[in-house]
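Working notes, beginning with the structure itself.
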Amino acid sequence: MTRSAHPPASAGRGVYGDGAGKLRKAVDDLVSSLKLTEVWAYLGLEDVMSRYRQTLLGPLWNASFIVGQALALSVVFGAVFKAPISQTMPYILSGMLAWFLGPAAILDSSGLFLSVAGTIKTQSLPYLMQLFRVALRNLLIFLHNLVALVVIFPLFGQMPILHWTIVLAIPLLILACLPYMLLVGMLCARFRDVQMLLQNFSPVLFFLTPVFWNPAQAAGGGGGRSMLVVYNPLSYMVDFVRKPLLNQYASTADWVMLGCIFAVGVVLAAAAFVPFRSKIPHWV
């Protein structure tokens, strides 16, 4: 009895059905996470509250750290670029607030799944719920860090007047960060060396991004420094929020680049989450 050279028709449908099933489970995970908004919102708020529980200053500790770091950088780099501190301090402080809301949130999401490994292994909860929980936590920290901006800006001769586009800039930046946070969380759960890589080299990205140095002031360095701005997606993410904080309108390039960053992130995150979603409990 000879075996047919062609595979049965059901084989192709089996592969397709498996892919369709994984896609359906990924979509169900997203829908279920959105339905559990009250749960991850409570957990995100509890994460922030537990961080400052039984402390004297509470959230002001984090704000004071950002102010102190911004002041130190303003003194040093103000002297390097021969710029008055009244000019460098608002620029650096607003840049640091934008950095911690966007790029730093991506780099710090290495423990997105590892930090809740026990919950993932013992409870049947959607995985994207943890992503939304961390994003909300970062938003709450950013909002109470705005107190530093409101208090410090007048001391350096600048009124804390925000451009109205900040209402759009904050949620859009968080939205653009979500797929990369998911991607980083999955990579670090699968490959633990990636977590160590991010933890050790994230300061390098901070220095390469114009958070505390102004590209206009550093223009004398030639094309190398301009490339750090043009080809660095983190710089567009920082400027997208920093400019409204300085009562400026984000440029068209910032809006277009943020949209492109989000689109690329969705494709990459979907390519990782859809086929490997079921592997997450085994990785952690």
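The values are calculated or read from the model by the stated rules, or taken from the named source; none is laboratory data. Fair warning: this is a prediction, and the values are worked out from it, not measured in the lab. We place every Cβ from the backbone using ideal geometry, glycine too, and count neighbours over all the protein chains shown.
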Legend entry - Evaluation of I85 against (1) β-branched (V, I, T); (2) farther than 24 Å from W213 by Cβ; (3) surrounded by fewer than 19 Cβ atoms within 10 Å (Cβ to Cβ) (one fails), failing number: (2)
Inset, instruction - Assess whether P179 counts as being closer than 21 Å to L73 by Cα and not in a loop (DSSP other than H, G, I, E, B). - result: no
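Listed here are the residues, each with its yes/no results for (1) assigned to a helix (DSSP H, G or I); (2) under 23 Å from N138 (Cβ atoms).
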site: G21; (1), (2): yes, no
site: D29; (1), (2): yes, yes
site: L34; (1), (2): yes, yes
site: V39; (1), (2): yes, yes
site: Y42; (1), (2): yes, yes
site: E46; (1), (2): yes, yes
site: G58; (1), (2): no, yes
site: L73; (1), (2): yes, yes
site: Q87; (1), (2): yes, no
Legend entry - Qualifying position, being crowded, with 17+ Cβ neighbours inside 10 Å, of a type outside the set (D, E, K, R) and more than 23 Å from Q130 (Cα to Cα), among G58, G68, G78, G44: G78
Legend entry - Flag for F206 being touching a residue at least 24 places away in the same chain (Cβ under 8 Å), farther than 30 Å from A117 by Cβ, surrounded by 15 or more Cβ atoms within 10 Å (Cβ to Cβ) and not β-branched (V, I, T): no
Inset, instruction - Looking at (1) within 19 Å of L187 (Cα to Cα); (2) in a helix (DSSP H, G or I), find the lone condition where P126 falls short. - result: (2)
Legend entry - Unique match (being assigned to a helix (DSSP H, G or I), more than 13 Å from D47 (Cβ to Cβ) and touching a Lys or Arg at 6+ places or on another chain (Cβ under 6 Å)) among G118, G95: G95
Legend entry - Selection count where residues are surrounded by fewer than 19 Cβ atoms within 10 Å (Cβ to Cβ) and within 17 Å of the chain's Cα centre (by Cα), scope segment 230-269: 11
Inset, instruction - Inspect segment 161-175 for any residue being part of a helix (DSSP H, G or I), hydrophobic (A, V, I, L, M, F, W, C) and over 17 Å from the mean Cα position of the chain (by Cα) and give the result as yes or no. - result: yes
Inset, instruction - Filter segment 122-144 down to the residues that are within 18 Å of A26 (Cα to Cα) and not hydrophobic (A, V, I, L, M, F, W, C), then identify the one that is surrounded by the most Cβ atoms within 10 Å (Cβ to Cβ). - result: Q130
Inset, instruction - Test each condition in (1) under 18 Å from the mean Cα position of the chain (by Cα); (2) without any contact (Cβ under 8 Å) to a residue 12 or more places away in the chain; (3) closer than 24 Å to A117 by Cα for L178 and report the one that comes out false. - result: (2)
Inset, instruction - Go through the residues of segment 154-168 one by one and say whether even a single one is at pLDDT 90 or above and in contact with an Asp or Glu (Cβ under 9 Å, 6 or more places away or on another chain). - result: no
Legend entry - Out of Y236, Y249, sole residue that is of a type outside the set (D, E, K, R), more than 22 Å from L71 (Cα to Cα) and touching a His at 6+ places or on another chain (Cβ under 8 Å): Y249
